[in-house]
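The block underneath contains the structure these notes are about, expressed in structure tokens.
The values are calculated or read from the model by the stated rules, or taken from the named source; none is laboratory data. The structure displayed is predicted, hence computed values, not measured ones. Cβ placement follows ideal geometry from the backbone for every residue including glycine, while neighbour counts extend to all protein chains displayed.
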Amino acid sequence: MSARTEGAGPAGLASALVASGALRDDWIAAFEAVPRHLFVPDRIWPGIPDGTRQNPLVDRAADPQAWLTAVYSDIPLTTQWDDGRHTGDAVGTRPSSSSSQPSMVFAMLADLDVADGQRVLEIGTGTGWNAALLSHRVGAEHVVSVEYDPVVAEAAASRLRPTPTLAVGDGRQGYAPCAPYDRVIATCSVGEIPLAWIEQTAPGGVIVAPWGPEYGGEAVVRLVVGEDGTAGGHFTRSSAFMRLRQQRPDLPPHDTYLGGRDWPADGVRSRTSLSPAEVGGWLEQFVIGLRVPGAFWTVERYDDGAYTLWTYSSTDRQSWASVDYEPGADEFKTVQAGPRRLWDETEAAYGWWVRSGRPGFERFGLTVGLEGWTTWLDPARN
């Protein structure tokens with residue numbers, strides 16, 4: 001059953017992607033030759049554009065038109081939950097595989113700036129659609145795709161014709177047998193760029209990957225590999241991808257910090273004029289994550305619209321802060337405990353961002369090397 005006979009197809013999506021600038025002339029032929037519906041399983045949970053929430057199951061057998069509409073909408077589609085352990089029709093706990101939002105797919109491919117015949121390494125095969133697009137563009141013999149989940153990899157392999165080199169394994173290790181690569185692209189987010197990706201990329205080559213700090217926020221970074229074995233470049237756009245499985249954070253539970261004691265335990269009370277609502281945006285989280293390393297947060301919500309923002313240190317596993325948000329308030333109660341004063345650090349990070357002119361993702365950059373990674377604001381672009 002083709003998209004055309006079901007009464008819908010890729011034409012509308014292509015028009016929208018071209019109009020938005022995501023789908024450029026050099027990728028239109030691949031888009032037309034590799035229709036998305038051939039790479040989407042029958043059971044999907046459609047998402048929303050920012051990728052942070054999933055809608056109820058759409059089953060192709062039960063409602064083929066709804067399925068097709070979802071496939072040719074500019075939204076991500078969750079295709080697996082909880083590393084394959086989830087069963088049933090409800091949403092699972094953690095999405096673990098998906099078909100990425102088409103506008104993001106083609107925006108990242110534009111960032112990759114691939115040329116005919118270049119060798120490309122993809123981390124995260126997923127449904128196989130991105131690997132198929134790359135194979136059409138540069139030739140399947142020049143594409144290597146690595147997938148950690150063997151079930152996901154097997155399903156993708158059944159859809160890919162012609163078939164690129166497919167490997168099942170830890171994406172952090174890249175795929176050395178076919179190195180060096182001219183381009184590396186990750187379809188999962190990372191908090192650390194694996195050195196193997198840099199080592200397996202030829203000098204002057206490009207690595208495109210969603211990157212985000214532990215605290216939150218995320219953006220796509222475009223790194224150029226140098227002769228000295230480092231890689232650096234600017235972020236290009238906001239993103240919201242599933243984390244590379246081996247880099248998922250193992251965060252201590254709330255009780256670790258209060259040690260079984262009732263709040264405020266041994267915390268120091270104060271007040272702040274900075275509303276917790278001001279630091280909750282995706283960009284704000286990203287900036288705080290850069291300036292307040294080794295921290296994460298949760299929210300405890302109440303029926304009246306009030307909530308408590310909890311911040312914790314993952315490095316010392318002792319420090320914590322709470323800030324109580326009340327609608328309409330001008331000041332907010334805070335409590336801080338432990339070696340770090342996490343709300344003070346958060347306020348300082350937010351203040352720095354405001355004084356810097358509230359820069360967007362594209363003004364930040366990342367440099368990665370043997371000694372670790374650093375982020376920066378506004379140096380000359382690579």
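Find the residue count for the range 158-186, including only residues that are in a loop (DSSP other than H, G, I, E, B) and in contact (Cβ under 8 Å) with a residue 60 or more places away in the chain.
Summing the residues that are in a loop (DSSP other than H, G, I, E, B) and in contact (Cβ under 8 Å) with a residue 60 or more places away in the chain in the range 158-186 gives 2.
Could you list all residues from the range 187-203 that are small (Gly, Ala, Ser) and in contact (Cβ under 8 Å) with a residue 40 or more places away in the chain?
Ser189, Gly191, listed by residue number.
Across the range 334-382, which residue is farthest from Gly217 (Cα to Cα) among those that are at pLDDT below 95 and of a type in the set (Asp, Glu)?
Here the answer is Glu371.
Scan the range 302-345 for residues that are more than 19 Å from Pro249 (Cα to Cα) and of a type in the set (S, T, N, Q) and jot them down.
Result: Thr308, Ser322, Thr334, Gln336.
Against the condition at negative phi, in contact with a Lys or Arg (Cβ under 8 Å, 6 or more places away or on another chain) and either at pLDDT 95 or above or surrounded by 13 or more Cβ atoms within 10 Å (Cβ to Cβ) (or both), how does Gln247 come out, does it pass?
Yes, satisfied.
Of the numbered conditions (1) buried (at least 20 other Cβ atoms within 10 Å of the Cβ); (2) part of a helix (DSSP H, G or I); (3) under 22 Å from the mean Cα position of the chain (by Cα), Gln80 fails exactly one; give the number of that condition.
Evaluating Gln80 over (1) buried (at least 20 other Cβ atoms within 10 Å of the Cβ); (2) part of a helix (DSSP H, G or I); (3) under 22 Å from the mean Cα position of the chain (by Cα) leaves (2) as the failure.
Of the residues in the range 83-138, how many are of a type in the set (Ser, Thr, Tyr), part of a helix (DSSP H, G or I) and more than 23 Å from Val168 (Cβ to Cβ)?
Total meeting the criteria: 1.
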